[in-house]
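One structure is given here, and the rest of the page talks about it.
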Amino acid sequence: MSRLNWQIGTVVAIKPETPRVKTYTLRLPNWTLHRAGQHYDLRLTAPDGYQAERSYSIASPPEQTGEIALTVELIEEGEVSGYLYEGVAVGDLLELRGPIGGYFVWPAGAPDAPLLLVGGGSGVVPLMCMLRHRQRAGLRNPVVMLFSVRSPDEVIYQEELEALAQADPTFTLLLTYTRHAPVNWTGYQRRLDAAMLTEAVAHLPSAPQCYICGPTGLVENAATLLQAQGLPDDSIRTERFGPTGS
């Protein structure tokens, strides 16, 4: 089967992640091994034939065979995310094709190289796939995740990330809150800046491979700041989540 053929997946689980984010697990009749960082296209077809298509990053690791998980943020006036969020239940069928993408994937080089993951909002989804793949594959390369969110109720995968940080001494989780921080929070409370990225890199024993995903402004700023620190261009990979991802 061509990897780009459409197929019908069955929704087998729906998990709320935050008030505006849900993870949909789908069983696929023609599951194909994916690489961490890839995505699937999802297509909705109305009774009158109108179609809407969006791309969603895969959240589940390649080791989770036979099914994929897509984590979707509800976008204001988003026709696809709105339908998924309000109109889809376990047992429903959805049309998908994938996996797609060859640039924003890990491991791109040596799997034991230090890794810096920088995410903003739902841009954490493909980065979470990388972390889950790393964990399931038994890898222990040093990893730092710097995750920027607006407020405490918007930390996608919070319990899993915090549990991983506590259990794995080779993984460091750094959160920054840009609007509202938790009570008694002593960590970062600002947008990503040069000092924050310098401190994140300093947690790693050597120059890392970097993966940055989130809103365009955050991605471009983080990439520019990392380049200014002397990291080579080919060690920085970016993925932008724009307003079309609705």
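The values are calculated or read from the model by the stated rules, or taken from the named source; none is laboratory data. For clarity, every value in this text was computed on a predicted model and none was experimentally measured. Note that we place each Cβ from the backbone using ideal geometry, even for glycine, and neighbour counts take in every protein chain shown. Surface accessibility is based on the protein's heavy atoms, side chains included, excluding ligands, DNA and RNA. Shrake-Rupley method; radii C 1.70, N 1.55, O 1.52, S 1.80 Å.
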By accessible area with a 1.4 Å probe, ligands and nucleic acids excluded, highest first: order of Thr18, Thr216: Thr216, Thr18
Amide H to amide H under 5 Å from Gln38: which residues, 5+ apart in sequence or cross-chain, H placed 1.01 Å off N in plane? Ile58
Once Lys and Arg are counted +1 and Asp and Glu -1 for all other residues with Cβ under 15 Å from that of Ser60, the total becomes +3
Ranking Gln7, Val219, Pro205 by how far each Cα lies towards the positive end of the charge dipole of the chain (+1 on Lys and Arg Cβ, -1 on Asp and Glu Cβ), the top one is Pro205
Only Cα pairs within less than 10 Å get springs; with that Gaussian network setup on the chain, which residue of Pro107, Pro142, Pro169 has the largest fluctuation? Pro169
For Ile236, residues with placed amide H under 5 Å, excluding near neighbours: Cys210
Summing -39500 (n - 2.57) over every DSSP H run of at least 4 residues in the chain and dividing by its residue count gives a helix-only mean residue ellipticity at 222 nm, to the nearest 500 deg cm²/dmol, of -6500 deg cm²/dmol
DSSP beta bridges in the chain, what fraction antiparallel, as a percent rounded to 5? 55 percent
Within-15-Å neighbourhood charge of Thr71 [Cβ basis; K, R +1; D, E -1]: -2
How many percent of the accessible area of the range 115-240 is carbon or sulfur, using a 1.4 Å probe? 48 percent
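Dipole size in debye (nearest 20) for the range 7-100 around its Cα centre, Lys and Arg Cβ +1, Asp and Glu Cβ -1?
So the magnitude is around 340 debye.
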To the nearest Å², the heavy-atom accessible area per residue of the chain with 1.4 Å probe amounts to 46 Å²
Expressed in square angstrom to the nearest 10, the accessible area of Phe104 with a 1.4 Å probe stands at 10 Å²
Using a 1.4 Å probe on heavy atoms of the protein chains only, the accessible area for Ile8 in Å², nearest 10, reads 80 Å²
Calculate the length of the line joining the C-alpha centroid of the range 1-75 to that of the range 185-246, in whole Å. 26 Å
Dipole magnitude of the chain about its Cα centre, charges +1 at Lys/Arg Cβ and -1 at Asp/Glu Cβ only, in debye to the nearest 20? 400 debye
Counting only protein heavy atoms and a 1.4 Å probe, tell me what percentage of the range 7-100's accessible area is made up of carbon and sulfur. 50 percent
Give me the dipole magnitude in Debye, nearest 20, for the range 115-240 about the Cα centre, with unit charges on the beta carbon: positive for Lys and Arg, negative for Asp and Glu. 80 debye
Applying the Karplus parametrisation 6.51 cos²θ - 1.76 cosθ + 1.60 with θ = phi - 60° to the phi angles of the range 63-76, what ³J(HN,Hα) value in whole Hz is obtained for each residue in order, glycine and proline being reported as x? 5, 8, 6, x, 8, 10, 10, 10, 9, 10, 8, 6, 9, 4
Compute the relative contact order of the chain as a whole-number percentage, counting only Cα pairs closer than 8 Å that sit 6 or more residues apart in sequence. 20 percent
